[in-house]
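See structure below.
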Amino acid sequence: MSKRVTIDPVTRIEGHLRVDVEVDEGKVKKAWASGQMWRGVENILIGRDPRDAWAITQRICGVCTTVHALASVRAVENALQLEIPLNAQYIRNLIILAHAIHDHIVHFYHLSALDWVDVTSALKADPGKAAHLAESLSTWSGNSKAEFTKVKERLSGFVGTGQLGIFTNGYWGHPAMKLPPEVNLIATAHYLQALEVQRYANKIVAVLGSKTPHIQNVAVGGVANALAVDSQSVLTVERLLAVKEWIDKLNDFVKNVYLVDVAVVGGFYPDWTTIGRGIVDYLSVPDIPLDGKGTQFALPGGHIAGGDLATFKAITSFNDQYFRDGVTESVKHSWYEGGKGPLHPYKGETRPQYTDFQENAKYSWLKAPTFYGKPMQVGPLPRVLAMVAAKHEPTIAYATKALDLVSAVAKTKVGLGALHSTIGRHAARAVSCAVQVDELGKQWDLLLANMAKGDLKTFNKPVFPKGEISGVGFHEAPRGVLSHWVVIGDGKIKNYQCVVPTTWNAAPRNEKDEPGAYEACLLDTPVAVPDQPLEVLRTVHSFDPCLACAVHIVDVENTEVVKVKAA
Ligand code: NFE
Ligand code: MG
């Protein structure tokens, strides 16, 4: 007999997501992903000055607080065909990379590791053995016996008071938890250390962006950072040297802790390299532009069909016609007025029409985006596969390193094919993060070298023509492809559409009733205990959901804690 399980809301994510699955013979047979709240930021923008759009769209999300600002200015600059100064590009790149590294560290340790790591089992660990194991894998200074003993004592203190504090409400002791106590202790220690380390990434964003969350330094035409080599009141070389120190700290943690932990956890869960495959049509975009126009990029991106890297088609510039022509959104299963079929974002409409959850009709605030008519998976996995297909050497090197460690722990050869999976999304995110931390150092070098040449320019003034223009700004955000589409008439916004990473991944069924990526990837997920659907959460969390982005919403009355219904 099939059982219906509703998780509403899914926690350890951003925003309100409801997931429904039908479980039969211990496996998911059908799934629905539903975004549960809406604000309509796209509509708020109509009639406004395009130079203000970035500040407003940035408020879409409290997690990816930089990405909408950047996609927005890129869209308006694209409409104007406005080039920006090199320094502005480098400063934006530093912010993009620091923000992505922050996101990936926090996602693995604080939002998803507890799906795999049983904190209560860490109480049975021998700190000496844990230190021996951790030190055999990495040179990280936080892997000592003293450190692990301290963490174990802290945990025992929590449990002794009958409370687990920040670790309350995990599925502790669940049959799908497989890590040995020592690995659980190591991961728990790194969870706590990651809380410290993530600050360095945020400090970089705050210093360059003047504030975080929600940076204040971008402008259509560049950035508002005044550069100087000798004044104390602007962005000085001294501040930039502090940024470099934080980059070095992030580098140590990402390479010696995060990448290693993900590979070790993956090695203990080899079955999860075959679960959660779902949609293997992958989309990513290039990012980290190296020139003022966006025709050369440090990190490649593009389209991969059917999981076959040989089909890789690169997206090559901010004016890429293949990307621009391929995107449409359907509202057949979304709470909006429709009836016109899938619409290109320049023609996109956002008119709410709520019907309650109707699993065969409308059931989500998310629209369903497609690329040339097909649903896509976006995110670190598509990004890493695109970079491998594009023969990006650092990506190949870190992917090989991670997969070799997975193979050593699993005691069987695990190759690139294992990445098309739930655990593969975590591995790809860690590989992406290692690439990003290297690139962060490189962008810092480029900025300093350009300043040393005497170029301190950061802004080109935009001039809006009479008549209608349109543009798209894309950005490879932490969760994948983000694009903002703007139509401007006589200097005012006529239409504005955001097509967001989580809109792609958490989409409801599309015009042809095909499932979105979460829905497709959940099929065949094993569920050992239906009213403790840990395995469903593993796959959903592997995407790093952000529903605030996906429906551009705010949660104003969060009254529900969590509801898991198995009927
Ligand atoms: Ni709000 Fe965001 C965007 C999404 S970036 S977190 O855009 O989805 O990863
Ligand atoms: Mg939208």
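Under a point spin-label approximation (7 Å from Cα along Cα-to-Cβ), what is the ASP291-ALA452 distance to one decimal in nm?
Simple spin-label model gives 2.4 nm for this pair.
Roughly how many Å² of ARG239 are accessible to a 1.4 Å probe, to the nearest 10?
Counting only protein heavy atoms, the figure is 100 Å².
May I ask you to list the aspartates and glutamates whose Cα is less than 20 Å away from that of LYS466, ignoring any residue fewer than eight positions away on the same chain?
Partners found: ASP49, ASP52, GLU77, GLU83, ASP490.
How high is the FRET efficiency between ALA206 and GLN358 when r is their beta carbon distance and R₀ equals 41 Å, given to the nearest 0.05?
Calculated transfer efficiency: 0.40.
Hey, quick one: spin label on LEU309, modelled 7 Å out along Cα-Cβ, who in region 405-431 has an amide N within reach, i.e. under 19 Å?
Residues 405-408, 413-431 qualify, since their backbone N sits under 19 Å from the label point.
Expressed as a whole percentage, what fraction of the accessible surface of the chain belongs to carbon and sulfur atoms when a 1.4 Å probe is rolled over the protein heavy atoms?
Carbon and sulfur atoms account for 53 percent of the accessible area of the chain.
Show which aspartates and glutamates lie in cross-link reach of LYS124 when reach means a straight Cα distance below 14 angstrom and same-chain residues fewer than eight apart are skipped.
GLU153, GLU182
Note the full-extension length gain between ASP248 and SER136 as 0.36 nm times their separation in residues minus their Cα-Cα distance, in nm to one decimal.
Working it through step by step, the gained length comes to 38.1 nm.
Specify the inter-centroid distance of region 497-514 and region 219-256, based on alpha-carbon positions, in whole Å.
Result: 36 Å between the Cα centres.
For the pairs LYS30/LYS255; LYS211/LYS249; LYS211/LYS332; LYS332/LYS492; LYS150/LYS178; LYS313/LYS461, note any where the Cα-Cα span goes beyond 32 Å.
Among LYS30/LYS255; LYS211/LYS249; LYS211/LYS332; LYS332/LYS492; LYS150/LYS178; LYS313/LYS461, the Cα-Cα distance tops 32 Å for LYS30/LYS255; LYS211/LYS332; LYS313/LYS461.
Within region 317-408, report the GluC sites (Glu not before Pro) that DSSP leaves as loop and that have at most 13 other Cβ atoms within 10 Å.
Hits after loop and neighbour filter: GLU337.
Tell me, what is a quarter of the convex hull surface for the C-alpha atoms of region 111-154, in nm² with one decimal?
With every direction weighted equally, the projected area is 3.5 nm².
Find the all-direction average of the projected area of the Cα convex hull for the chain, expressing the result in square nanometres with one decimal place.
Averaged projected hull area, Cα only: 25.2 nm².
Mind jotting down the distance between the C-alpha centroids of region 69-89 and region 357-374, whole Å?
Here the answer is 31 Å between Cα centres.
Express the accessible area of region 3-550 per residue in Å², computed with a 1.4 Å probe while the remaining protein chains stay in the model.
35 Å²
Rounded to the nearest 0.05, what FRET efficiency do ALA224 and GLU25 give with R0 = 56 Å and r taken as the Cβ-Cβ distance? Could you check?
0.40
Any chance you could tell me what percent of the C-alpha pair distances in region 106-188 go past 17 Å?
46 percent
Which shape class, rounded, prolate or oblate, goes with region 1-155 when its Cα gyration tensor gives a ≥ b ≥ c as root eigenvalues, a/c under 1.5 marks rounded, and past that a/b bigger than b/c marks prolate?
Since a/c reaches 1.5 but b/c is at least a/b, the shape of region 1-155 is classed as oblate.
What distance in nm separates the simple spin-label points at LEU195 and TYR372, each placed 7 Å from Cα in the Cβ direction?
It is 4.8 nm.
Using only Cα positions of region 247-371, each an equal point scatterer, no hydration layer, compute I(q)/I(0) via Debye at q = 0.11, 0.18, 0.23 Å⁻¹ and quote the log10 values to two decimals.
Log-scaled intensity ratios, in q order: -0.68, -1.08, -1.18.
Can you tell me the alpha carbon radius of gyration of region 144-217 divided by the globular rule-of-thumb value 2.2 N^0.38 Å?
1.49
Quick one: what does P(r) look like for region 297-383 with 10 Å bins over all Cα pairs, in whole %?
Answer for region 297-383: a P(r) of 15, 39, 28, 15, 1 percent.
Rg and Dmax of region 77-135, using alpha carbons, in Å: what are they?
21.0, 62
Exactly which trypsin sites (Lys or Arg not before Pro) in region 1-49 are in a DSSP loop and have at most 15 other Cβ atoms within 10 Å?
Here the sparse-neighbourhood loop sites are ARG48.
So, how do all the Cα-to-Cα distances of region 239-314 break down into 5 Å bins, in percent, from 0 on up?
Cα pair-distance distribution for region 239-314, in percent: 3, 11, 11, 10, 17, 21, 14, 8, 4, 0.
Diagonalise the Cα gyration tensor of region 442-522 and give the resulting equivalent ellipsoid semi-axes, square root of 5 times each eigenvalue, largest first, whole Å.
Each semi-axis is √(5λ); the values are 35, 25, 6 Å.
Between region 312-338 and region 477-491, how many Å separate their Cα centres?
11 Å
Give me log10 I(q)/I(0) at q = 0.14, 0.18, 0.20, 0.30 Å⁻¹ for region 1-56, Debye formula, one equal scatterer per alpha-carbon, no solvent.
With one equal scatterer per Cα and no solvent, log10 I(q)/I(0) is -0.58, -0.71, -0.78, -1.09.
Where does region 165-288 land on Rg(C-alpha)/(2.2 N^0.38 Å)?
My calculation over the Cα atoms of region 165-288 gives 1.49.
What distance in nm lies between label points placed 7 Å from Cα along the C-beta direction at ARG48 and LYS129?
5.7 nm
Considering only GLY473, VAL388, THR168, whose Cα is most displaced toward the positive end of the charge dipole of region 3-550, charges sitting on Cβ of Lys, Arg (+1) and Asp, Glu (-1)?
GLY473
The values are calculated or read from the model by the stated rules, or taken from the named source; none is laboratory data. Values in this document were obtained by computation on a predicted structure and should not be read as measured data. Here Cβ is always computed from backbone atoms with ideal geometry, including for glycine, and neighbour counts include all displayed protein chains. The accessibility values were calculated without ligands, DNA or RNA, using every heavy atom of the protein model including side chains. Shrake-Rupley method; radii C 1.70, N 1.55, O 1.52, S 1.80 Å.
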